[in-house]
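Chemist: Can you read through this structure? Questions will come right after.
Laboratory data are not the source of any read-out in this text; all were calculated from the coordinates shown. Keep in mind that this is a model prediction, so the values were computed, not measured. Neighbour counts are summed over all protein chains in view; Cβ atoms, including those assigned to glycine, are modelled from backbone coordinates with ideal geometry.
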Amino acid sequence: MAIETTLKPLLACQDNVQKLSKNDLVKLKGYGNPPVDVKALCEATFILLGMTKADWPSMQREISKPNFIEKLLQFSKNEKD
C-alpha cells in the first residue's frame, strides 16, 4: 500500500480540524448528554491527546479552553509521521 493511500484519512481529518469554528465547539460542549457517536469520537480524541479523564464534564471543560483547536492542530502536525 502506498504511503499516500495510508495518509489520506489523516490528511482528511487534519483538514476537517482546520475547518472547526468556535461555534462548532460551543454546540458540541452544549450537549448535556451527547449522542453515542459524538461521545465516542470525543473519547477517542481525548485518549489520543493523552488525557486520562474522558468523562463528559471533563471533555466539556477541555473543549471550552481557548486553545483547544490549536491543540488538535498541533497534535495532527506532530503525529503525522
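Chemist: Given R₀ = 25 Å, FRET efficiency for Glu70-Ala12 by Cβ-Cβ distance, to 0.05? All intermediate terms of the calculation are to be shown ahead of the outcome.
Modeler: Numbers: r = 19 Å, r/R0 = 0.78.
Efficiency computed from Cβ-Cβ geometry: 0.80.
Chemist: Any chance you could run the full-extension gain for Leu20 through Arg61? It's 0.36 nm times the residue separation minus the Cα-Cα distance, nm to one decimal.
Modeler: Numbers: separation 41, 0.36 × 41 = 14.76 nm, distance 1.72 nm.
Taking Leu20 through Arg61 to full extension adds about 13.0 nm, to one decimal.
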